[in-house]
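The values are calculated or read from the model by the stated rules, or taken from the named source; none is laboratory data. As the structure is a computational prediction, the values presented were derived from the model and not from experiment. Counting neighbours? That spans all protein chains shown, and the Cβs are built from the backbone with ideal geometry, glycine included.
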Amino acid sequence: MIVVEGLRKQYRSGEQPVVDHVNLEVKQGEFTAIMGPSGSGKSTLLNLMGGLDLPDQGTVYVDGLPLHTLSEKRRTLMRRRKIGYIFQNYQLLSMLNVRENIAFPMSVDRCPKEEIQLRVQELVKELGLKGKEEAVPDELSGGQQQRVAIARALAMQPKVILADEPTGNLDRKRSQEVMEILLHLHRKERMTIVMVTHDLSVAGYAERILLYKDGRIESDIRQKEGDMPRVLEDFLAQLQT
Ligand SMILES: Nc1ncnc2c1ncn2[C@@H]1O[C@H](COP(=O)(O)OP(=O)(O)OP(=O)(O)O)[C@@H](O)[C@H]1O
Ligand SMILES: [Mg+2]
């Protein structure tokens, strides 16, 4: 579903690239977490995978399409239709209410009004936002705001969800709620999910964990439920020192 080939990104010449010839394949339906030290380039990698940023070298294929050789216009279109993005700080539009925020990508894509209405209704129900349709983001808790953001990410029925620290601003209970939603998408709808997180209990929901350091994937771990491999323990211990 996602193929990353020879991807490289350097912000300043002379410095170590933050994405340093990364190759990666993410299969349809896979739930992957990326962990690594602050500043190691995780968000940059995710942004490149989502077409939010341009690489110096290499490319990313999403559902077979080479993201970075498309024209700006086609890339924008593809991003909107195939990729759902979730951010740590939700990034909702503060002037729009819940309904309008969820509908936003569909409105921009000029979907028929009735179709938008139906989809929004469905998502409001699925994400437990009933009764909050008219509220603006400021009137919602963090957990509710993130659920609106997830609903918005799902509005266009994307092939892939990319999530950058989706629980970074939430307490344990709200984090668990958000992760249960992502887990449900993965298990019941075979959604392909790539998520960056600092939190091991959050990464534990994924079936595959990539350890990222100095612009490279250091380890690629497939974990069984409730089983933390040695390499992950060592990596985390290293992060704490
Ligand atoms: N737009 C930018 N311009 C210049 N430098 C940038 C830019 N974005 C990120 N960087 C630098 O690139 C490096 C990697 O940043 P990135 O945000 O990808 O790291 P990260 O692994 O996501 O970190 P964190 O865990 O703190 O979110 C950092 O040193 C950062 O300062
Ligand atoms: Mg980051």
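Details
- Applying the condition of being closer than 21 Å to Y205 by Cα and aliphatic (A, V, I, L, M) to the range 12-45 and asking which residue is farthest from ligand 1 (Cβ to nearest atom) yields V26.
- Scanning the range 188-202 for residues that are assigned to a loop (DSSP other than H, G, I, E, B) and either in contact (Cβ under 8 Å) with a residue 40 or more places away in the chain or within 23 Å of Y11 (Cα to Cα) (or both) yields R190, M191, T197, H198.
- Test: residue in the range 120-131 that is more than 16 Å from ligand 2 (Cβ to nearest atom), in contact (Cβ under 8 Å) with a residue 24 or more places away in the chain, surrounded by fewer than 22 Cβ atoms within 10 Å (Cβ to Cβ) and not in a loop (DSSP other than H, G, I, E, B): yes
- The number of residues in the range 153-205 that are hydroxyl-bearing (S, T, Y) and away from ligand 1 (no atom under 16 Å from the Cβ) comes to 4.
- Given (1) over 30 Å from A237 (Cβ atoms); (2) surrounded by 15 or more Cβ atoms within 10 Å (Cβ to Cβ); (3) modelled with pLDDT under 95; (4) among the polar types (S, T, N, Q), number of the condition S71 does not satisfy: (2)
- Of the set (1) of a type outside the set (D, E); (2) closer than 27 Å to S107 by Cβ; (3) surrounded by fewer than 16 Cβ atoms within 10 Å (Cβ to Cβ); (4) touching a strand residue (DSSP E or B) at 6+ places or on another chain (Cβ under 9 Å), all apply to R187 but (2).
- Selection within the range 148-173 - more than 16 Å from ligand 2 (Cβ to nearest atom) and either among the small types (G, A, S) or over 22 Å from T32 (Cβ atoms) (or both): V148, A149, A151, A153, A155, D171, R172, K173
- Of everything listed in (1) in a helix (DSSP H, G or I); (2) out of contact with any Lys or Arg (no Cβ under 9 Å at 6 or more places or on another chain); (3) away from ligand 2 (no atom under 16 Å from the Cβ), the single unmet condition for Y205 is (1).
- Across the range 164-179, a minimum of one residue is classified as touching a residue at least 60 places away in the same chain (Cβ under 8 Å), closer than 23 Å to M1 by Cβ and outside any loop (DSSP other than H, G, I, E, B).
- Looking across L65, L52, L48, one residue alone is out of contact with any His (no Cβ under 7 Å at 6 or more places or on another chain), away from ligand 1 (no atom under 16 Å from the Cβ) and of a type outside the set (D, E, K, R). It is L65.
- Checking L96 against (1) at pLDDT 95 or above; (2) within 16 Å of ligand 2 (Cβ to nearest atom), the condition it does not meet: (2)
- Tabulated pairs, the range 33-56, first within 11 Å of L162 (Cα to Cα) and within 10 Å of ligand 2 (Cβ to nearest atom), second among the acidic types (D, E) and modelled with pLDDT under 95, C-beta under 6 angstrom, 6+ apart or interchain: N47/D53
- Hits in the range 56-93 (condition: out of contact with any Asp or Glu (no Cβ under 7 Å at 6 or more places or on another chain) and aromatic (F, W, Y)): Y61, Y85, Y90
- Subset of the range 73-109 (residues that are closer than 26 Å to M1 by Cβ and more than 21 Å from the chain's Cα centre (by Cα)): K73
- Of the criteria (1) farther than 24 Å from S94 by Cβ; (2) of a type in the set (K, R); (3) in contact with a Leu (Cβ under 7 Å, 6 or more places away or on another chain), which one K132 fails: (1)
- Those strands (runs of 3 or more DSSP E) of the range 1-111 in which at least 2 residues are over 21 Å from A151 (Cα atoms), considering only elements entirely within it, cover 2-9, 19-26, 31-35, 57-62.
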